[in-house]
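See structure below.
The values are calculated or read from the model by the stated rules, or taken from the named source; none is laboratory data. Being a predicted model, the structure only gives us computed values, none of them experimental. We place every Cβ from the backbone using ideal geometry, glycine too, and count neighbours over all the protein chains shown.
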Amino acid sequence: MKLRSLALSVLLATALHAHADIPENNTDILLQGFHWTSASSGNWYTQVEANADEIADAGFDMIWLPPPSQAGSDEGYLPEQLNDLNSNYGTETELTSLISTLHDKGVKVLADIVINHRNGSGSWCSFANPSWSMQAITSDDEAWTASGSNCSGTRGNTDSGDGYSAARDIDHSQSFVQTSIEDWMNTTLKGVGFDGWRYDYVKGYSGSYVGIYNNATSPYFSVGEYWSTLCYTGESCSSGSYPDAHRQLLMNWITATGGTSAVFDFTTKGLLNRALETYNYAVLKDSSGKPQGAIGWWPSHSVTFVDNHDTGPSESCSSGQNYWPVPCAKVMQAYAYILTHPGVPSVYYAHYFNWGLGSQIKSLMTLRKSQGINSNSSVTIDTATQGLYAAYIDDKIAMKMGSTSWTPSGDNWELYQSGTDWAVWQKVDDDEATSSDYQRTVLLVYGQTASGEDMFVRGGIDHTYAANSLGLTCTTSNYNCAIPITHNNLRNATTAPWKANDNYLDWYGTESSQSSTAVGTAMDWTTNTWPSSWGTEKTVTTDGYGVETLNTYGQHYWMLDVQMDCSKAVNGVWFEFKTYIKNGAGWEADVSQSDSPYTSGNHFAKCGKVNVYQRGVSTPISIHDFP
């Protein structure tokens, strides 16, 4: 379908189905309340209930729970007795208690609806609780001809979607099937408190049936899983079909439901995978300047996500299914994208509760809520190229991904949160604006080290100068002489733990909650060449250390790469520093640098510049702008 006909179909769907249950300008955030190995716990419902306070406090409006019915598979995706709500996740009593607790905290609960297919109870084609005749099975199901099958008698009609060989494909054109499913949803599932639905494997049957079931059950929210192969440019697909053909399938399915259901934005998910693997963020912007995924065409009906129980890991990077994961080290980049962009974002339980990312995700959720970002928020993409994606959302939030430095243009932007290769800013009113002025700042300091030795740096403003010239009293508690920083490089596995909770370039050593083995702010070893005798080349861009383009000077130039609040520097420019080699030479000798704002035994560097020095040498090698 051409873009013109796409736009017409969207308009018609909106006009003809104004009663659709999917709201416009939706501010809800969804939590997927399980992962692939959750069923093996045996008491998953009680585990989730124990986290109900955190789920509500974080700002989740909805939670999607796993398939609730008794099934022939541990995870529930081969359902047998639909009306039996005792499963590997817990008992019906535990499920009811969980839903009640979540409701008390204002969280809506979605059930995972698996109705494309069904397992027989005791044989291929024997359906019980509720009982169905074999006419419920599509006429082209493999069970009719398979060896060992007991299927016989009147067949149903042909499948209205893709086949599924692991269980019997259900014929939803049969009125008794529709009535039975509607009764299960309205009586059994709503009976324990479910508010809405997540439909599994919806490409297996016509979306029109989802519209029928939604109109019969009036869910709070409905979303379908339409997962199809995404063909990338260069992979035997024409440029004209990339990736519009993929998101067109999602648009067609939404329209088939009568606009009563949203769909998971697998186009955006696949494009994020590719962008984060290659750092080519151009794939995230379409020819009209909009986001390339489903959120660029029908954002109110698009549910964005980073990973789920199928696509990604479970409790750790190496567990779970991992069918189509975002690179584990770049998960927060992806959350910085979906939690600032339009659509209805969905957060993966394992990322929040198992991976130690909960506080960062929660902070982004808080910003989204406070700034009123919703499913139809506008996106202005500033840059989408190799190494950098940057965008403004509703002119309230700005964000970037990638290794290339970028800050939003204009006034009153404050850095809100950042991590390795991502940052998010918020816009504040004039009377709320602070004097912060974060700029990328780099130190390159030569100091030859041996294996097991690491370089740290301390710095800020001299306490006596601050008292006499700036009227500041500086202590270890008020940090008035420290310079706020956020690290741009957390890719070095050795130094990243030292950089965690390191929020200042300061004189005091270890900050609160920073690793006790840190002796200041950690730097990373860099070089301008990598001899072949050293083996596989390491780079700062990929590994957090090694070859660095800003280092044109030689080996053993240790680098600090941060966003620094220049407003806290002397005259908005200068700050002091001194280096320390751990397990080696210790503190460097005092220096006497000319052209400095005051006298000190430390180096003076400029905020917002590339500053190059040698330990113990008074004159800088270079202080210059970024190339």
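Of everything in region 472-488 that's of a type in the set (A, V, I, L, M, F, W, C) and part of a loop (DSSP other than H, G, I, E, B), which residue is nearest to Tyr416 (Cα to Cα)? The selected residue is Ala482.
None of Gly59, Gly42 is assigned by TED's automatic domain parsing to the domain that holds Ile170, under 23 Å from the mean Cα position of the chain (by Cα) and surrounded by fewer than 22 Cβ atoms within 10 Å (Cβ to Cβ) except Gly59. Within the set Ala13, Ala52, the sole residue that is more than 30 Å from Trp132 (Cα to Cα) and either at pLDDT 95 or above or outside the structural domain of Thr188 (by TED's automatic domain parsing) (or both) turns out to be Ala52. Mind checking whether some residue in region 223-243 is at pLDDT 95 or above and not in a loop (DSSP other than H, G, I, E, B)? Scanning region 223-243 turns up at least one residue that is at pLDDT 95 or above and not in a loop (DSSP other than H, G, I, E, B).
Looking only at region 520-536, residues that are surrounded by fewer than 14 Cβ atoms within 10 Å (Cβ to Cβ) and part of a loop (DSSP other than H, G, I, E, B) come to 4 in all. Scanning region 316-332 for residues that are touching a helix residue (DSSP H, G or I) at 6+ places or on another chain (Cβ under 6 Å) and not hydrophobic (A, V, I, L, M, F, W, C) returns Pro327, Lys330.
Note on region 557-597: residues that are out of contact with any Leu (no Cβ under 6 Å at 6 or more places or on another chain) and closer than 30 Å to Pro327 by Cα total 5. Residues of region 401-427 that are crowded, with 20+ Cβ neighbours inside 10 Å, in a loop (DSSP other than H, G, I, E, B) and among the small types (Gly, Ala, Ser): Gly402 alone. Answer with yes or no whether Ala398 is at pLDDT below 85, at negative phi and either in a strand (DSSP E or B) or of a type in the set (A, V, I, L, M) (or both). Answer is no for this residue. The residue that is farthest from Val344 (Cα to Cα), counting only those in region 174-209 that are assigned to a helix (DSSP H, G or I) and among the aliphatic types (A, V, I, L, M), is Val177. For region 571-610, the set of residues classified as among the aliphatic types (A, V, I, L, M) and in contact with a Cys (Cβ under 9 Å, 6 or more places away or on another chain) consists of Val573 only. Can you tell me how many residues in region 578-627 are part of a strand (DSSP E or B), without any contact (Cβ under 8 Å) to a residue 40 or more places away in the chain and among the small types (Gly, Ala, Ser)? Qualifying residue count for the region: 2. The residues listed here are Ala384, Ala336; of these, the one that is surrounded by fewer than 24 Cβ atoms within 10 Å (Cβ to Cβ), small (Gly, Ala, Ser) and not in a loop (DSSP other than H, G, I, E, B) is Ala384.
Residue pairs whose Cβ atoms lie under 6 Å apart, separated by 6 or more positions or on different chains, with the first residue in region 42-56 and over 13 Å from Lys362 (Cβ atoms) and the second among the β-branched types (Val, Ile, Thr) and part of a helix (DSSP H, G or I), are Glu49/Thr101; Ala52/Thr101. Scanning region 109-161 for residues being among the basic types (Lys, Arg) and either surrounded by 22 or more Cβ atoms within 10 Å (Cβ to Cβ) or not in a loop (DSSP other than H, G, I, E, B) (or both) gives a total of 1. Condition check: part of a helix (DSSP H, G or I), surrounded by 22 or more Cβ atoms within 10 Å (Cβ to Cβ) and either touching a strand residue (DSSP E or B) at 6+ places or on another chain (Cβ under 7 Å) or of a type outside the set (Asp, Glu) (or both). Does His341 satisfy that? Judged against the criteria, His341 is not a match. Within region 184-213, residues that are within 22 Å of Gly156 (Cα to Cα) have Cβ atoms under 7 Å from residues that are part of a loop (DSSP other than H, G, I, E, B) and among the aromatic types (Phe, Trp, Tyr) in these pairs: Asp200/Tyr77; Tyr201/Tyr164; Val202/Tyr226; Lys203/Tyr226; Gly204/Tyr164, counting only partners at least 6 apart in sequence or on another chain. Do you know which of the residues in region 428-457 that are outside any loop (DSSP other than H, G, I, E, B), among the hydroxyl-bearing types (Ser, Thr, Tyr) and within 15 Å of Asp565 (Cα to Cα) is modelled with the highest pLDDT? Only one residue fits best here, namely Thr441. Any residue that is among the small types (Gly, Ala, Ser) and closer than 30 Å to Ile55 by Cβ - is there at least one of those in region 111-133? Yes, some residue in region 111-133 is among the small types (Gly, Ala, Ser) and closer than 30 Å to Ile55 by Cβ. If you check Tyr504, Tyr553, Tyr545 for being over 30 Å from the mean Cα position of the chain (by Cα) and surrounded by 15 or more Cβ atoms within 10 Å (Cβ to Cβ), only one passes: Tyr553.
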